[in-house]
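The values are calculated or read from the model by the stated rules, or taken from the named source; none is laboratory data. Note that the structure is a prediction, hence the values are computed from the model and not measured. Note: ideal-geometry Cβ built from the backbone for every residue, glycine included; neighbour counts use all protein chains shown. Heads up: the accessible areas ignore ligands, DNA and RNA and are worked out on the full protein's heavy atoms, side chains in. Shrake-Rupley method; radii C 1.70, N 1.55, O 1.52, S 1.80 Å.
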Amino acid sequence: MGCLLLAILLTGMLTGCSGRRTAEDHSVGEETVSGRPVIGLVFDSFVIERWERDRDVFVSMGKELGAEVLVGNANGEAEEQKKIISHMIDRKVDVLVVVAVDGSALTDEVERAHRAGIKVISYDRIINNANTDLYITFDNEAVGRYMAETINEALPDGDTYMKVNGSPEDYNVTLVNRGFDASIRSDLQMIDSVSCSNWNDEEAFAYLTEHPEDIQNADAFMCGNDAIAGQVVRALAERRKAGKSVVTGQDADLDACQRVVEGTQNMTVYKPIEDLAGKAARCAYEMATGNRPDTEETISDGTYEVPYIVLQPIKVTGKNMDSTVIDKGFHMEEDVYLHVRHDEGTDTDS
Ligand code: GAL
């Protein structure tokens, strides 16, 4: 618990909660000296590239609005996330914003937060059966459709593919697969499917190393995110198949965008993190100051209809890298095209 307190304190201080008081001074039962709303932002982990961007945008917007933002990091552990949430409830934050490690394991924590008068936002990943006060995310079924479209367009009749999914505890994985399965061509045959626990992408490389027949026989790899895609390309490269098999991903990680323009990954998905995190911070601030989230849409969390805000992800290939990832300022052009010659402003044809 000591390291947990230290982590929150350091993060609280880093977010400049207030010149006079650190986040740690916001102790149990005490309103902040500044009277500012306090938002608890609890992440799964920062191992995957995108989440630091989510954090930085959210904290910056929260501060701009006048809130204090306490950031917690569960390091991919569901039990650790429960401890952080409980600690933030004890510190009487006004709103909790949670990227669930396990969306089916936080019902009791949300109920306790509600009993303490704290609103809860499911950020990017739904918290099931918990009646959270808002679920804000990207259209994950669209992500799956984009992956299927890429494979459909690339493979001749009767070819094969395998799935290398992310965490089975992440409900987004279920939604991505729902979109994928509804769109993949029926003549294509799935020859294998594996999940990476806690989004541990090393498991993808280990699995393919132990199953070289998959590298040999799969014409396409539906990868749950770019980190997994990177490990699949690494395994393909060892068998001189990189660039010969179709590989999908999501998150528009920098190394994945490089692979897309270099031809070893066929697509990724750009998710406007600035829009998601910025809107989530504004919703959290409004809810912390007694207002409702500005949406009329709802979605079932398995038991309850919860308020719902869904943003659109964008499929990225070599054809639209410049007009999306680069023009939106998500990555620098010289970073994406680090290893290949590129005429500025023109997309590659891969
Ligand atoms: C998922 C999210 C993806 C990706 C993944 C981890 O929940 O939908 O965008 O971030 O976590 O890479």
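Here is a yes/no grid of residues against (1) open to solvent by 50 Å² or more (accessible area, probe 1.4 Å); (2) touching a Ser or Thr at 6+ places or on another chain (Cβ under 8 Å):
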position	(1), (2)
ASP133	no, no
THR137	no, yes
GLY144	no, yes
ASN152	no, yes
PRO156	yes, no
ASP159	no, no
LYS163	no, yes
SER167	no, yes
ASP170	no, no
> Hey, does the range 133-147 have a residue that's more than 16 Å from the ligand (Cβ to nearest atom) and farther than 28 Å from ALA182 by Cβ?
Replying inline: yes
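Conditions (1) farther than 18 Å from ASN165 by Cβ; (2) buried (at least 20 other Cβ atoms within 10 Å of the Cβ), marked per residue:
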site: SER193; (1), (2): no, no
site: ASN200; (1), (2): no, no
site: PRO212; (1), (2): yes, no
site: ALA218; (1), (2): no, yes
site: GLY224; (1), (2): no, yes
site: ALA227; (1), (2): no, yes
site: ARG234; (1), (2): no, no
site: ALA237; (1), (2): yes, no
site: LYS241; (1), (2): yes, no
> Does ASP187 satisfy the criteria of being more than 16 Å from the ligand (Cβ to nearest atom) and open to solvent by 20 Å² or more (accessible area, probe 1.4 Å)?
Replying inline: yes
> Of the residues LYS319, LYS241, LYS315, which is touching a Ser or Thr at 6+ places or on another chain (Cβ under 8 Å), of a type in the set (Lys, Arg) and in a loop (DSSP other than H, G, I, E, B)?
Replying inline: LYS319
> Which one of these is open to solvent by 20 Å² or more (accessible area, probe 1.4 Å), closer than 30 Å to ALA116 by Cβ and of a type outside the set (Ser, Thr, Tyr): ARG292, ARG341, ARG259?
Replying inline: ARG292
>> With the structure loaded, tell me whether ALA284 is at pLDDT 95 or above, within 19 Å of LEU96 (Cα to Cα) and either within 16 Å of the ligand (Cβ to nearest atom) or more than 22 Å from the chain's Cα centre (by Cα) (or both) or whether it fails that test.
In response: no
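Here is a yes/no grid of residues against (1) surrounded by fewer than 21 Cβ atoms within 10 Å (Cβ to Cβ); (2) modelled with pLDDT of 95 or more; (3) part of a helix (DSSP H, G or I):
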residue	(1), (2), (3)
GLU80	yes, yes, yes
SER86	yes, yes, yes
VAL93	no, yes, no
ASP102	no, yes, no
ALA113	no, yes, yes
ARG125	no, yes, no
ALA130	no, yes, no
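Does ASP219 satisfy the condition of being touching a His at 6+ places or on another chain (Cβ under 9 Å) and modelled with pLDDT of 95 or more?
Details: touching a His at 6+ places or on another chain (Cβ under 9 Å): no; modelled with pLDDT of 95 or more: yes.
Answer is no for this residue.
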>> Return the residues of the range 281-312 that are over 30 Å from THR268 (Cα atoms), touching a residue at least 24 places away in the same chain (Cβ under 8 Å) and assigned to a loop (DSSP other than H, G, I, E, B); say none if nothing qualifies.
In response: THR289, PRO293, THR303, TYR304
>> Take GLU213 and tell me if it is over 20 Å from TYR146 (Cβ atoms), within 16 Å of the ligand (Cβ to nearest atom) and not hydrophobic (A, V, I, L, M, F, W, C).
In response: no
> Looking at (1) of a type in the set (A, V, I, L, M, F, W, C); (2) within 16 Å of the ligand (Cβ to nearest atom); (3) within 22 Å of ASN165 (Cβ to Cβ); (4) open to solvent by less than 10 Å² (accessible area, probe 1.4 Å), can you tell me which one VAL310 breaks?
Replying inline: (4)
> closer than 18 Å to LEU311 by Cα, in contact with a Phe, Trp or Tyr (Cβ under 6 Å, 6 or more places away or on another chain) and either assigned to a strand (DSSP E or B) or more than 16 Å from the ligand (Cβ to nearest atom) (or both) - does that describe any residue in the range 49-64?
Replying inline: no
> Within the set of pairs 6 or more residues apart or between chains, which connect a residue that is over 14 Å from VAL316 (Cα atoms) inside the range 141-155 to a residue that is within 16 Å of the ligand (Cβ to nearest atom) with Cβ atoms less than 7 Å apart?
Replying inline: GLU141/LEU175; GLU141/ARG178; GLU141/GLY179
>> Exactly one of these conditions fails for ARG259: (1) within 16 Å of the ligand (Cβ to nearest atom); (2) within 18 Å of the chain's Cα centre (by Cα). Give me its number.
In response: (2)
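Hey, does the range 272-286 have a residue that's closer than 16 Å to ASN320 by Cβ and surrounded by fewer than 22 Cβ atoms within 10 Å (Cβ to Cβ)? Full working, then the answer.
Step one: of the range 272-286, the residues closer than 16 Å to ASN320 by Cβ are 272.
Next cut, surrounded by fewer than 22 Cβ atoms within 10 Å (Cβ to Cβ) only: 272.
Checked the range 272-286: at least one residue is closer than 16 Å to ASN320 by Cβ and surrounded by fewer than 22 Cβ atoms within 10 Å (Cβ to Cβ).
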